[in-house]
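Report on the structure given below.
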Amino acid sequence: PESDDERDSRVWYRHIPPSAFHCLRCRTIASTLVRGSLIFWQLARYITAKQVQTILVIFPTDASWLFRLLRLLPGTRLIVSCHGNDITKYHERSALERRGIRGVFTAADAIVVFADHLAEKVKSILPSRRPPITIIPNCVDVNYFTLPPPSAPPKNHRTLVHVSNFAPKKRTPDIIEAFAKAELPK
């Protein structure tokens, strides 16, 4: 990752150690507990000092165990947002990883998904409980974010749109290259 000087100063980056959930060895468990405890106390102090009321976990993973603990701080809420592979591949994870994710869902005040099938998947993970699930199609309130209609585009003009995060698996440079090679209508 970039150095702290190169990052946005308004964003606080911390790596949450998930290693104990992948490999049950004394060293990895101890490392996870020590590093995780340190990060927990740093985050807890920040949340308390800034009076943070809502913690949003996007894509619950094995590293989400820390946020389940932060939910115990007085006056905090936990919202978990599920977008797809994080939940659809739940059963491919190890038993410890699944337990951690299930724990985050159990502690959540709200779970946000963008489609009915994801809501059903979350319900299947917590069969004995009625989780507080809200379905927001595409996770965007289109009534709020609808733009006014554009004026007619000039002839031989094409608008191409790609929406995603910039994770390497999204192959954003390939999308940009494909857009550059796109033929204009004649």
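The values are calculated or read from the model by the stated rules, or taken from the named source; none is laboratory data. These numbers were taken from a predicted model, which means no experiment stands behind them. Note: ideal-geometry Cβ built from the backbone for every residue, glycine included; neighbour counts use all protein chains shown. Side chains included, ligands, DNA and RNA excluded: accessible areas come from the protein's heavy atoms. Shrake-Rupley method; radii C 1.70, N 1.55, O 1.52, S 1.80 Å.
What are the residue pairs meeting all of these: first residue in the range 27-46, first residue in a helix (DSSP H, G or I) and open to solvent by 60 Å² or more (accessible area, probe 1.4 Å), second residue modelled with pLDDT under 85 and not small (G, A, S), Cβ atoms under 6 Å, and 6 or more apart or on different chains? Final answer for the pair search is R35/P17. Among the residues of the range 77-123, the one identified as without any contact (Cβ under 8 Å) to a residue 12 or more places away in the chain and among the hydrophobic types (A, V, I, L, M, F, W, C) is A95. Which of the residues belonging to the range 47-65 are out of contact with any helix residue (DSSP H, G or I) (no Cβ under 6 Å at 6 or more places or on another chain) and part of a helix (DSSP H, G or I)? Within the range 47-65, I47, T48, A49, K50, A63 meet the criteria.
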